[in-house]
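Novice: Submitted below is the structure of interest, expressed as structure tokens.
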Amino acid sequence: MKSIDYIVFLVYFIIVSGYGYWIYRKNKTVTADSKDYFLAEGSLTWWAIGSSLIASNISAEQFIGMSGSGFAMGLAISTYEWMAAATLMVVAVFFIPIYLKNKIYTMPQFLSQRYNDAVSTIMAIFWLLVYVFVNLSSILYLGALAVQTVSGLDFFYCMYGLAIFAIFITLGGMKVIGYTDVIQVFVLVLGGLATTYLALDLVATTLGDGGAWEGLGYLRKEAADHFSMILDKGEILIPNGEGGTRDAYMDLPGLSVLIGGMWIINLNYWGCNQYITQRALGADLKTARSGLLFAAFLKLMMPIIVVLPGIAAYVLFKNGQFQTEMANEAGNVIPDHAYPVLLNLLPAGLKGLSFAALTAAIVASLAGKANSISTIFTLDIYRKFFNRNASEQRLVTFGKLVVVVAFIIALFVAPVLRNLDQAFQYIQEYTGFISPGVFAIFALGFFWKRTTAPAALVAAVLTIPLSTYLKFQFPEIPFIDRMGIVFVILVALMVIITLFDPKSKNNPKGLEIDASMFKTSTSFAVGAVIICGVIAALYTIFW
């Protein structure tokens, strides 16, 4: 990078750190309160909630992982973004009112209130394992990989730097994370759009003439197979990172992305995930719903930022560029190299802006994930089993210690992931080992009053063994379909176990659902209709 790039990045760093510190100092008098520290209770506006949702969601796994998948399989990977926009509407209408009416602050707390402490504790442990060993570690790995490629710094120095920056933000609590995320989203969108524009412009320059718009036309022409949203078996063969290929259908199995397991992925992620719902749990219903609506609009544009650059890199690679940069030491093509390689082509100044955008996405996601790890471990493990009488100050102090420990563990695990070809798929698949069980437990817990604790306990215990069995006994089943199968089996078991329990007819822990809870404002309904219309149009055009 040139001097101007470092100056741009330094300005970004100073603004985010300074603003975060100002928010922290401004609210220092209340940071001893655990709910304020972990949830920023009642203080986040709708735009801060929406921005924080996107900043925490869009990270290295999207910039690097999803661009890598765009390189390998094309626009089809955008289904994660566009289906998420639809899912956010479902969560806003049906899930958030239930959480807020029952004063839920953590997902394990909901499970404890609705079922019992055994279900809550088992799921809390599962969440912590996935958050630390899959999510936090993979974000740190992908982030370090990107920063190393752009800056030329050693991989481990990049990891340590990102971890320290994220710890600094996280220790300020959810209020600091929420409001600094507004800046992070602005930077990542601006820098991301700049990278996409210049990547398309480079495609036009390489293959003919014109600008970014003509470059998009070249993409449609040169990579027609990369603009199909619903994949058939054998339609696209992608690099497997070992010199061979595999069928992209195994990652995105046709109609399952519309009517199958993709819904389980999204509803679990956006509706039953501490990391995400935490942003809205401290707000009132109107503010929370407005924040989710804003996040849904932002999700619609994310493929422009994180998928199109990957397709552009594929077209350029196909025409002879990046032959060395896209390969690993063994000479095998690694799709996840696509975005970092593009960043190196940007002109001075814009490279610094895009680098800042990437760093913003990484740090925001790391901070959000670490805060959720800290919240669950502190409120649902430490306070419940080790120190029931802990003071508010003690909880906050312990929560900060958990943040540091989580990052230390992630720093040891992250380097192990360096042999992955598409880290985004790794994250989705292994998070999916618990997703079917989690969503089954939450869905029946929400909407079927009879569902019993023993039924939920069976689902919690069996979700990982069932997923593991199907993965290794039936490797020909795509992991999204496998999640759907596991979900159906677990729901059936829960229903059978509940019906055989005569006490379930008068379940005292069943939720009282009032239809009025799900009524929305006119402005929300209009926004939701617009979003659904745009999604329908996109799938119609790119079917």
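Quick note: the coordinates plus some simple rules give every number you see, no bench work behind them. A quick note: this is a predicted structure, and the numbers were derived from the prediction, not measured. Every residue, glycine among them, receives a Cβ derived from its backbone with ideal geometry; neighbour counts consider all protein chains shown.
Novice: Could you tell me whether the range 53-174 comes out rounded, prolate or oblate from its Cα gyration tensor? Rule is a ≥ b ≥ c as square roots of the eigenvalues, rounded for a/c under 1.5, then prolate if a/b exceeds b/c, otherwise oblate.
Specialist: Oblate is the answer for the range 53-174, as a/c is 1.5 or above yet b/c matches or exceeds a/b.
Novice: If you don't mind, another one. Would you calculate a helix-derived [θ] at 222 nm for the chain, using -39,500 (n - 2.57) for each DSSP H run of n ≥ 4 and dividing by the full residue count, to the nearest 500? Mind showing how you got there, number by number?
Specialist: Working: 25 runs with 360 residues, N = 543.
Result for the chain: -21500 deg cm²/dmol, rounded to the nearest 500.
Novice: If a/c stays under 1.5 just call it rounded; otherwise compare a/b with b/c (prolate if a/b is bigger, oblate if not). Do that for the range 416-543, with a ≥ b ≥ c from the square roots of the Cα gyration tensor eigenvalues. Can you show the working numbers first?
Specialist: Values: a/c = 2.46, a/b = 1.06, b/c = 2.32.
Oblate.
Novice: Now for a different question. What ranking do 73-81, 306-314 get when scored by the average of other Cβ atoms within 10 Å per residue, highest first? Show your work: numbers first, answer last.
Specialist: Details: 73-81: 25.4, 306-314: 28.2.
Ranking the peptides 73-81, 306-314 by packing returns 306-314, 73-81.
Novice: Using the Cβ atoms and a cut-off under 11 Å, what net charge is assigned to the surroundings of Arg114, where Lys and Arg are +1 and Asp and Glu are -1?
Specialist: Details: positive: Lys449, Lys509; negative: none.
Neighbour charge sum, excluding Arg114 itself: +2.
Novice: Something else now. Counting Lys and Arg as +1 and Asp and Glu as -1, what is the net charge of the other residues whose Cβ lies under 15 Å from the Cβ of Ala76? Please report the intermediate quantities before stating the final value.
Specialist: Numbers: positive: Arg220, Lys233, Arg246; negative: Glu81, Asp225, Asp232, Glu235, Asp247, Asp251.
Around Ala76, the charge tally is -3.
Novice: Ranked highest first by average number of other Cβ atoms within 10 Å, how do 507-514, 9-16 line up? Please report the intermediate quantities before stating the final value.
Specialist: On the way: 507-514: 13.1, 9-16: 16.0.
Result, highest mean Cβ count within 10 Å first: 9-16, 507-514.
Novice: Hey, of (1) -0.43, -0.94; (2) -0.27, -0.96; (3) -0.38, -1.08, which did the structure itself give for log10 I(q)/I(0) by the Debye sum over Cα atoms at q = 0.06, 0.11 Å⁻¹ when calculated?
Specialist: Evaluating log10 I(q)/I(0) by the Debye sum over Cα atoms at q = 0.06, 0.11 Å⁻¹ on these atoms matches (2).
Novice: Hey, can you rank 337-344, 404-411 by average C-beta count inside 10 Å, highest first? Mind dumping the intermediate values first?
Specialist: Working: 337-344: 24.4, 404-411: 18.2.
Output ranking for 337-344, 404-411: 337-344, 404-411.
Novice: While we're here: Using a 10 Å cut-off around each Cβ, can you sort Trp213, Trp47, Trp448 from fewest to most neighbouring Cβ atoms?
Specialist: On the way: Trp213 11, Trp47 15, Trp448 18.
Ordered from fewest to most neighbouring Cβ atoms within 10 Å, Trp213, Trp47, Trp448 come out as Trp213, Trp47, Trp448.
Novice: Within the chain, which whole H helices from DSSP have a Cα span along their axis of at least 27 Å and a mean Kyte-Doolittle hydropathy of 1.0 or more, if any? Spell out each step's value before the answer.
Specialist: Numbers: long enough: 3-26 (34 Å, 0.95); 174-207 (48 Å, 1.45); 285-306 (31 Å, 1.42); 350-376 (39 Å, 1.17); 392-413 (32 Å, 1.87); 453-473 (30 Å, 1.23); 479-499 (30 Å, 2.51); 522-541 (29 Å, 2.13).
Counting only whole DSSP H runs, the qualifying helices are 174-207, 285-306, 350-376, 392-413, 453-473, 479-499, 522-541.
Novice: Roughly how many Å is it from the Cα centre of the range 451-471 to that of the range 247-269, as a whole number?
Specialist: 20 Å
Novice: Tell me the net charge near Asn506. Cut-off is 12 Å between Cβ atoms, Asn506 excluded, with +1 for each Lys or Arg and -1 for each Asp or Glu.
Specialist: Details: positive: Lys449, Arg450, Lys503, Lys505, Lys509; negative: Asp501.
For residues surrounding Asn506, the net value is +4.
Novice: Continuing with the same structure: I'd like the distance separating the alpha-carbon centroids of the range 297-353 and the range 195-232, in whole Å.
Specialist: That distance is 13 Å.
Novice: Once you charge only the Cβ atoms, +1 for Lys and Arg and -1 for Asp and Glu, what is the size of the charge dipole of the chain about its Cα centre, to the nearest 20 debye?
Specialist: On the way: 34 positive and 32 negative charges, 425 e Å.
It comes to approximately 2040 debye.
Novice: Using only the Cα atoms of the range 322-375, what semi-axes does the equivalent ellipsoid have when each is the square root of 5 times a gyration tensor eigenvalue? Give whole Å, largest first. Numbers along the way, then the final one.
Specialist: Working: eigenvalues 155, 68, 6 Å².
Equivalent-ellipsoid dimensions as semi-axes: 28, 18, 5 Å.
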